[in-house]
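Written out below as structure tokens is the structure these notes cover.
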Amino acid sequence: MLSELKKEVCAANRALETSGLVKLTWGNVSGIDRASGLWCIKPSGVPYAELTLDDLVVLDLDGKIVEGRLRPSSDTRTHLHLYREFADIGGITHTHSPYATIFAQASRELPCYGTTHADHFFGTVPVARSLTKAEIDHDYEHHTGVAIVECFHKLRLKPLEMPAVLQACHAPFTWGKNAKDSLNNSIALEMCAQMALGSLQLDPTLSAIPAHVLQKHHDRKHGREAYYGQKQQAPHEWR
């Protein structure tokens, strides 16, 4: 299982650059095997094109490195806290993708203006508060995770219904069922932020999508009777 996890996490990290989400090494992806409690993450500062399976750093949920010769990502303690607190998630992606980061730097939440957003995020993508000086001085990355979890508890959000957050003055974090899913949510978030910014330029008074449209689009992809995509069915069945 660990071998397969490392392959998935390595591929997702390498895709950060080719997807256009990052420049230089401005991002990282991790994934966790819940059965063993082991997870792995990109090492700090290693170019994506040069990344290999042996470069990945494997840790446990106490934050102890159990495999790897390199220093893990500087965001490791944020990922660790999210894995501890969001028990249903299996992968995390952090980027500084331009449009999502514009909203984060402005400390502005991202409302759902259309169905593309509703397909991926059930409502407004929230903003987690800025950290205090004491939090930054004591353990910056850990408290970044604390602020994100605090935000979700305060707003009573479910992490798999809202697999994204904008960290104020910083950048976005996304997550999902696995590393690839978390990466796809980062791609979706960036596109939604770009479309939202363009829509607001056309109409600064733009309102969020009607609630019933949001519900329909999210449910048809993620609800109990979701019908987006393919499933096993008789040849004559269709929707």
Selected residue (only one of 75, 88 is touching a His at 6+ places or on another chain (Cβ under 9 Å) and closer than 19 Å to residue 164 by Cβ): 75
Boolean, residue 16 is under 15 Å from residue 185 (Cβ atoms), out of contact with any Lys or Arg (no Cβ under 9 Å at 6 or more places or on another chain) and either buried (at least 18 other Cβ atoms within 10 Å of the Cβ) or aliphatic (A, V, I, L, M) (or both): no
Out of 85, 141, 67, sole residue that is farther than 18 Å from residue 190 by Cβ, more than 18 Å from the chain's Cα centre (by Cα) and either modelled with pLDDT of 95 or more or not hydrophobic (A, V, I, L, M, F, W, C) (or both): 67
For residue 140: the one exception among (1) within 18 Å of residue 27 (Cβ to Cβ); (2) surrounded by 19 or more Cβ atoms within 10 Å (Cβ to Cβ); (3) free of Cβ contacts under 8 Å to residues at least 60 places away in the same chain: (2)
Residue in the range 61-76 that is assigned to a helix (DSSP H, G or I), closer than 19 Å to residue 175 by Cβ and either of a type outside the set (A, V, I, L, M) or touching a residue at least 24 places away in the same chain (Cβ under 8 Å) (or both) present: yes
Matching residues, the range 1-26, being closer than 14 Å to residue 72 by Cβ and either part of a loop (DSSP other than H, G, I, E, B) or in contact with a His (Cβ under 8 Å, 6 or more places away or on another chain) (or both): 25
Residue list for the range 201-214, filter: in contact (Cβ under 8 Å) with a residue 24 or more places away in the chain and part of a helix (DSSP H, G or I): 213, 214
Where a residue in the range 98-117 is surrounded by fewer than 20 Cβ atoms within 10 Å (Cβ to Cβ) and its partner, wherever it lies, is at pLDDT below 95 and assigned to a helix (DSSP H, G or I), with Cβ under 7 Å and at least six apart: 115/213; 115/217
Criterion (buried (at least 17 other Cβ atoms within 10 Å of the Cβ), polar (S, T, N, Q) and without any contact (Cβ under 8 Å) to a residue 40 or more places away in the chain) met by exactly one of 93, 25: 25
Count of residues meeting criterion [among the charged types (D, E, K, R) and outside any helix (DSSP H, G or I)] in the range 141-200: 4
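Only one residue in 177, 216 is surrounded by fewer than 18 Cβ atoms within 10 Å (Cβ to Cβ) and either out of contact with any strand residue (DSSP E or B) (no Cβ under 8 Å at 6 or more places or on another chain) or at pLDDT below 95 (or both), so which one is that?
Values: 177 fails: either out of contact with any strand residue (DSSP E or B) (no Cβ under 8 Å at 6 or more places or on another chain) or at pLDDT below 95 (or both).
From the options 177, 216, the qualifying one is 216.
The values are calculated or read from the model by the stated rules, or taken from the named source; none is laboratory data. What you see is a predicted model; the values in this text were computed from it and never measured. Methodologically, a virtual Cβ is constructed for each residue, glycine included, from the backbone with ideal geometry; neighbour enumeration extends over all protein chains shown.
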